[in-house]
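Okay, so here's the structure we're looking at.
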Amino acid sequence: MKTILVLGATGGIGGAVTRVMLNRGWQVRAMVRDPTRAASGWGHSVMPHWVQGDAMQRDDVVNAASEAVAILHGVNPPGYRAWETTVLPMMDNTIAAARSVGGARIVLPGTIYNYDATTTPVIDETTPQNPTSRKGKIRKALERRLADGASDCPSLIVRAGDYFGAGARQSWFAQALAKAPLKQITYPGRTGIGHAWAYLPDLAETIAQLLELPPGAMATAERVQFCGFWDADGTHMITALRRMMGRPNLPVRHFPWWLMRLLSPFGGFPREVIEVKPYWHYPVRLDNSRLIRLLGTEPHTALDQAVRDAVGWPRTSTS
C-alpha cells in the first residue's frame, strides 16, 4: 500500500485528492493544524490518518512525510493573504520533507497566474512564464524551486483553471456564481470571453492516475495542463446553473470590479482579488496534449452533473 502525504486536506483540491486516493487503496496521511476538528468535519466513511502539524514548521512536515512516496502540496495562505512571507517557505518545507524520505514526488496544483493573460491565450508545458502580478511572480518562483530540485526530488505540476465542486468553498464558483441562497448569478467575466474551469473530482482523479503511472513514464519535473471545462464564450456555466435551478431567467449581475479597484489601495480582499481580473477579461485556455499523451484521456464529468454536485442539488429545482 503506497502512502501519500496531503497538505491541505481540508481544502478543495486537498480534500478531493484525499478522497480519491483513499478510494484507490492508498494510505493517506493528512497533516492539519487540528486533527480533531478535521475528523469531525470530514463527512466521509473512510478517513485519512490525521496528523497534527503546520506547513510553516519544517519539522512538522518532515515528520508527517514518513514513508510517503508522494506529497500533495495543496496549502495556501489563509484568505490568500501574506503570500510574500508564507508561500515560498511552505514549499521549502515540503521539498525538505520529500528529500527526507528519499525523494517523494511533490504534486503541485498549478495556476494560470504564472502567465500574462493579455498575451497568452493558450498554455502548454512549453509556454514562457511572464507574470505581471505579485501572485504570478511568486508562483513562478515556486515552480522554479521544484525545477531546480528535480534531480533528487521529482515533481508534478498539474495546472488547471478555476475550481468548482464540493469543498471548493473559497472559489469563484462558490462565492460568486453559485453563492447561496442562489437568487442571482454574479459573473466576473465578459460575454464572449472564454474561461477555464476545473471540476475537483475530475482533477483529483487525473492526479491519482498520473501518480500510478509506471516508473519512468513521467519526467522528473513533469508539467501537464488539465483542460477541464472550457467555457468558450463565458455563457455555458451560467446556462448550466439556470438549468439546474429550473430558472432560465435567473438574473445575472456583473462582479463589481470598479469597487475592488477603488478599495484595493487599502489592502485586504480587494487588493488580492484585483490581481486576477485579467484572467476573467482575457481568454486563457489550457492545452492538455501532454496529459493525453500520458493518460490517453482526461477524466471528465458532464457539466450539468458537475454543477449539480458542486451546488449540492441532486435534481433540478422546479421552484
Do you know which residues across region 20-62 are open to solvent by less than 30 Å² (accessible area, probe 1.4 Å), in a loop (DSSP other than H, G, I, E, B) and over 23 Å from Asp202 (Cα atoms)? Gly53, Ala55
Ala232 being without any contact (Cβ under 8 Å) to a residue 60 or more places away in the chain, closer than 26 Å to Lys135 by Cα, open to solvent by 20 Å² or more (accessible area, probe 1.4 Å) and among the aliphatic types (A, V, I, L, M): yes
Tell me which residues, restricted to region 4-19, are open to solvent by less than 10 Å² (accessible area, probe 1.4 Å) and not in a loop (DSSP other than H, G, I, E, B). Ile4, Leu5, Val6, Leu7, Gly14, Gly15, Ala16, Val17, Thr18
Considering only region 152-179, state which residues are open to solvent by 30 Å² or more (accessible area, probe 1.4 Å) and free of Cβ contacts under 8 Å to residues at least 60 places away in the same chain. Asp152, Asp162, Trp172, Gln175, Lys179
Considering region 253-269 alone, what residues qualify as being open to solvent by less than 70 Å² (accessible area, probe 1.4 Å) and more than 24 Å from Ile238 (Cβ to Cβ)? Leu263, Ser264, Gly267, Gly268
Inside region 64-94, can you point out the residues that are out of contact with any Ser or Thr (no Cβ under 9 Å at 6 or more places or on another chain), farther than 30 Å from Gly268 by Cα and surrounded by fewer than 18 Cβ atoms within 10 Å (Cβ to Cβ)? none
Working carefully through the options Ala204, Ala217, Ala208, Ala240, find the one that is part of a loop (DSSP other than H, G, I, E, B), at pLDDT 95 or above, open to solvent by less than 70 Å² (accessible area, probe 1.4 Å) and closer than 25 Å to Ala16 by Cβ. Ala217
Qualifying position, being open to solvent by 10 Å² or more (accessible area, probe 1.4 Å) and without any contact (Cβ under 8 Å) to a residue 12 or more places away in the chain, among Thr132, Thr111, Thr119, Thr127: Thr119
Anything in region 277-310 that is of a type in the set (Val, Ile, Thr), assigned to a helix (DSSP H, G or I) and either within 16 Å of the chain's Cα centre (by Cα) or farther than 15 Å from His236 by Cβ (or both)? List them, or say none. Ile292
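The values are calculated or read from the model by the stated rules, or taken from the named source; none is laboratory data. Here the structure is a predicted model, which means the values were calculated and not measured. Neighbour counts are summed over all protein chains in view; Cβ atoms, including those assigned to glycine, are modelled from backbone coordinates with ideal geometry. Remember, those area values only see protein heavy atoms, side chains included, never the ligands or the DNA or RNA. Shrake-Rupley method; radii C 1.70, N 1.55, O 1.52, S 1.80 Å.
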